[in-house]
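This report concerns only the one structure given below.
The values are calculated or read from the model by the stated rules, or taken from the named source; none is laboratory data. Being a predicted model, the structure only gives us computed values, none of them experimental. Note: ideal-geometry Cβ built from the backbone for every residue, glycine included; neighbour counts use all protein chains shown. Calculation scope for accessible area: heavy atoms of the full protein, side chains included, ligands and nucleic acids excluded. Shrake-Rupley method; radii C 1.70, N 1.55, O 1.52, S 1.80 Å.
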Amino acid sequence: MEKSSSERLAEILARNTKAEASATEAAARVKEEERQKERDRLAAADHWAVSRRDLNAAVSEINKALAAQALELRATDKKPPVAAALAKVAVALWKGDKSTNAQVVFNIGAFGLVQPIMMVPHTGKLPATFNISSATQASYEEVLLSFLDQYVANLEKTPTSFALLFSTEPAGEDSW
């Protein structure tokens, strides 16, 4: 082999050795990232058990104050929107035995991200997301109080629609 060809081959082989080493390092990083994701997912599942108790405690604490006005928050587990999600919990507001149709839904992702979505008519305000690893009863109380605040603000703006919702009188022929 000529000297120039031999030098070119040596350069190619050196580049190949370097590229293989980089590929091996990248594969090791990806494998470690996957292991870390699995550890994070398992940790989130462990945290959810505690965090669900905090959510229940927040609902119970707020319900103590709401009882005087015949209001109640009811938490219900729902099917998560995607299989990888940890949980989905809807907390609905009831007045007596009637639903107000207002609720806040807590979507809990596979890695512990809590995304509350408030379903109060005519509002588009979204509370901040938070991670269940740092969530406390106070975290859930804050979301629930914001939800109740939006509900009352909406009630103040449109009292007639809410009066119809809770009317004890049967609807007449001209009600619609």
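Could you compute the FRET efficiency for Ala153 and Gln115, with r as their C-beta to C-beta distance and R0 at 22 Å, rounded to 0.05?
So, using R0 = 22 Å, E works out to roughly 0.50.
For the Cα atoms of the chain, what angle does the longest principal axis make with the long axis of helix 3-66, in degrees from 0 to 90, nearest 10?
20
If you take percent of Cα pairs over 30 Å apart from the coordinates, which of [x] 33; [y] 26; [z] 43 do you get?
Here percent of Cα pairs over 30 Å apart agrees with entry [z].
Charges at C-beta only: +1 for Lys and Arg, -1 for Asp and Glu. How large is the resulting dipole of region 1-158 about its Cα centre, in Debye rounded to 20?
It comes to approximately 360 debye.
Label-point separation (nm) for Arg15 and Ser133, each offset 7 Å from Cα along Cα-to-Cβ?
Reported label-point gap for Arg15 and Ser133 is 4.2 nm.
Taking 0.36 nm per intervening residue step and subtracting the Cα-Cα distance, what contour gain separates Glu61 from Arg29 on full extension?
That works out to 6.9 nm of additional length.
Counting heavy atoms of the protein chains only and a 1.4 Å probe, report the per residue accessible area for the chain as a whole number of Å². Don't skip to the answer; put the middle values down first.
Numbers: 11680 Å² over 176 residues.
Roughly 66 Å² per residue, with all protein chains present.
Can you tell me the 0 to 90 degree angle between the C-alpha axis of helix 137-157 and the longest principal axis of the chain, rounded to 10?
Approximately 50 degrees, to the nearest 10.
If you roll a 1.4 Å probe over region 12-99 with all protein chains in place, what percent of the accessible area is carbon or sulfur?
56
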